[in-house]
Amino acid sequence: MREEGVIRFGLEYTAAAPVSIPGLGELNAWRRILWQLGLIGQDPGRYGGYGFGNISWRMPPYDTPENRRPFVISGSQTGHLAELSSTGFATVSEYDAGLNRVVAAGPIKPSSESLTHGSVYNANSEIRVILHVHSQAIWRHASALGILKTGGHVPYGTPAMAQEVERLFRETHLMETGIFAMGGHEDGVIAFGRTVDEAGCVLMRTLAHSYACGVNS
């Protein structure tokens, strides 16, 4: 059984009131779709019963340096909830894969994938939204779909995963595709974009193509 939802980085967390999240309604609308499709959730029969999947939204200012690009991210183990209010998000203000460190505040601790989200935001300042889901169909057919994949030996939520994501952005056309699979994180898929609609549509299109692969295989 593989662990899910366990925080593996050094977390400097401060309990605080929720922040105002612009576009929370739009973000939640897409999250509800993902939840209804079983791409975000919690199931006793999957991943040892832990919650899975998370979303984040980049916050201003947008001209900050790498490792200091603030974002709100769904809280740890919130997958069972169909909808999140502002109390279901934490604000990550700093992160550093080299130091395996995340600084966050809010009414809930941040997702165990916060370090990975930070590495995606580091890659391009225009990225505003990240959707991390668990899709067996996309994950299994990633090669057939031409989807880039992190190394199978790289576990989730670690500095190694963050560095592997950075490598994909640096050495491939990942920014153009807007989606990648996590080879060492069973069923893990990340879509990202300049808007939540952009990220969501990339994810849904890829999901449809993965179902077609399953029918034809």
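The values are calculated or read from the model by the stated rules, or taken from the named source; none is laboratory data. In this text, all values refer to a predicted model and were calculated from it rather than measured experimentally. Quick reminder, even Gly has a Cβ in these numbers, built from the backbone with ideal geometry, and neighbours come from all protein chains shown. Keep in mind that these areas ignore ligands, DNA and RNA; they rest on the heavy atoms of the full protein, side chains included. Shrake-Rupley method; radii C 1.70, N 1.55, O 1.52, S 1.80 Å.
Here are the numbers for this structure:
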quantity	calculated
Restricting region 85-106 to residues that are in a loop (DSSP other than H, G, I, E, B) and touching a Gly at 6+ places or on another chain (Cβ under 8 Å), the residue that is least open to solvent (accessible area, probe 1.4 Å)	ALA97
Of all residues making up region 150-200, the number that are touching a strand residue (DSSP E or B) at 6+ places or on another chain (Cβ under 6 Å) and farther than 13 Å from GLU113 by Cα	14
Residue match in region 2-13 (condition: out of contact with any strand residue (DSSP E or B) (no Cβ under 7 Å at 6 or more places or on another chain), without any contact (Cβ under 8 Å) to a residue 24 or more places away in the chain and either outside any helix (DSSP H, G or I) or open to solvent by 50 Å² or more (accessible area, probe 1.4 Å) (or both))	no
Flag if LEU39 is farther than 20 Å from ASP187 by Cα and either crowded, with 18+ Cβ neighbours inside 10 Å or modelled with pLDDT under 95 (or both)	no
When residues of region 66-84 are limited to those that are over 16 Å from the mean Cα position of the chain (by Cα) and under 13 Å from SER114 (Cα atoms), the one most open to solvent (accessible area, probe 1.4 Å)	ARG68
Residue list for region 52-65, restricted to those being out of contact with any His (no Cβ under 6 Å at 6 or more places or on another chain), in contact (Cβ under 8 Å) with a residue 12 or more places away in the chain and either open to solvent by less than 70 Å² (accessible area, probe 1.4 Å) or farther than 27 Å from ASP96 by Cα (or both)	ILE55, TRP57, ARG58, MET59
Scan of region 143-184 for residues that are among the acidic types (Asp, Glu) and more than 25 Å from ARG8 (Cα to Cα), ordered by number	GLU171, GLU176
Condition met for GLY118 (open to solvent by less than 10 Å² (accessible area, probe 1.4 Å), within 19 Å of ARG32 (Cα to Cα) and not in a strand (DSSP E or B))	no
Scope region 45-84; condition outside any loop (DSSP other than H, G, I, E, B) and under 18 Å from ALA104 (Cβ atoms); matching residues	GLY51, ASN54, ILE55, SER56, TRP57, ARG58, PHE71, VAL72, ILE73, SER74, GLY75
